[in-house]
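Q: Quick one: structure below, then a few questions.
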Ligand SMILES: [Zn+2]
């Protein structure tokens with residue numbers, strides 16, 4: 001299945017899915033071999049690869065600073081951003097996640113901030129922008145803290161994480177909570193929201209953002225790993 005939204009959209013007209021699949025395959029991070037194959041998924045829903053030559057297993061984030069952290073990149077990035085941007089305490093960050101349905105420990109947030117703040121500061125220096133008005137929203141199912149959870153998340157047109165929220169269910173209520181939080185916390189009412197065709201979105205948008213232009217795209221069904229490639233490259 002083709003999952004990479006941006007790439008698939010750009011190339012859909014010119015490549016067969018087999019060619020695209022090949023173009024998206026990862027080279028081995030240890031020996032750079034191109035002879036790699038898909039090897040199941042990680043707990044966070046990311047694609048895992050295995051090298052046919054050296055046997056090493058890896059993912060798109062194996063070489064990034066996020067490797068070996070038990071939470072998705074977005075969650076870590078948001079925790080750090082909230083902590084700094086809103087001058088929250090660690091306990092506040094824990095509470096903000098709890099409001100969005102995710103239990104995170106205070107000491108975990110502390111470790112993320114210590115570890116990632118200097119890296120983000122470095123990476124973000126020349127790219128600082130307010131949240132934009134064109135959002136791509138999707139939901140991902142993954143295994144966090146011993147529970148299966150949906151993550152609703154949005155990125156803006158510059159690829160910045162807007163917000164994320166967590167729900168045991170995928171329904172209009174969960175999507176609505178997500179849009180309310182995202183809009184309240186950023187102070188931005190998006191002019192355009194692009195989602196996949198999931199049924200949860202139209203009623204949620206009618207309730208929270210009745211004036212927004214809603215676009216749907218069948219290529220939006222991304223895993224959580226995908227859209228932050230440019231961020232990860234800088235880490
Ligand atoms: Zn290898």
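Q: Extending each Cα 7 Å along its Cβ direction at residue 170 and residue 111, get the distance between those two points in nm, one decimal.
A: Roughly 3.0 nm, to one decimal.
Q: Right, next: Per 0.36 nm of contour for each residue apart, how much would the distance between residue 32 and residue 67 grow if the chain were fully extended, relative to their Cα-Cα spacing? The partial results should precede the final answer.
A: Working: separation 35, 0.36 × 35 = 12.60 nm, distance 1.84 nm.
Between residue 32 and residue 67, full extension yields an extra 10.8 nm.
Q: At R0 = 45 Å, how high is the FRET efficiency between residue 199 and residue 85 if r is their beta carbon distance? Nearest 0.05 is fine. Don't jump to the answer; show the numbers that get you there.
A: Details: r = 33 Å, r/R0 = 0.74.
Once the sixth-power term is evaluated, E becomes 0.85.
Q: Further question on the same structure: Can you give the Rg and Dmax of the stretch 72-235 based on its C-alpha atoms, in angstrom?
A: 15.1, 41
Q: Please report the antiparallel percentage of DSSP beta bridges with both residues in the stretch 72-235, rounded to the nearest 5.
A: Details: 15 of 22 bridges.
Taking every DSSP beta bridge within the stretch 72-235, about 70 percent pair in antiparallel fashion.
Values quoted throughout were computed directly from the atomic coordinates according to the rules given, and no laboratory measurement underlies them. Bear in mind the structure is a predicted one, so any value in this text is a computation, not a measurement. Every residue, glycine among them, receives a Cβ derived from its backbone with ideal geometry; neighbour counts consider all protein chains shown.
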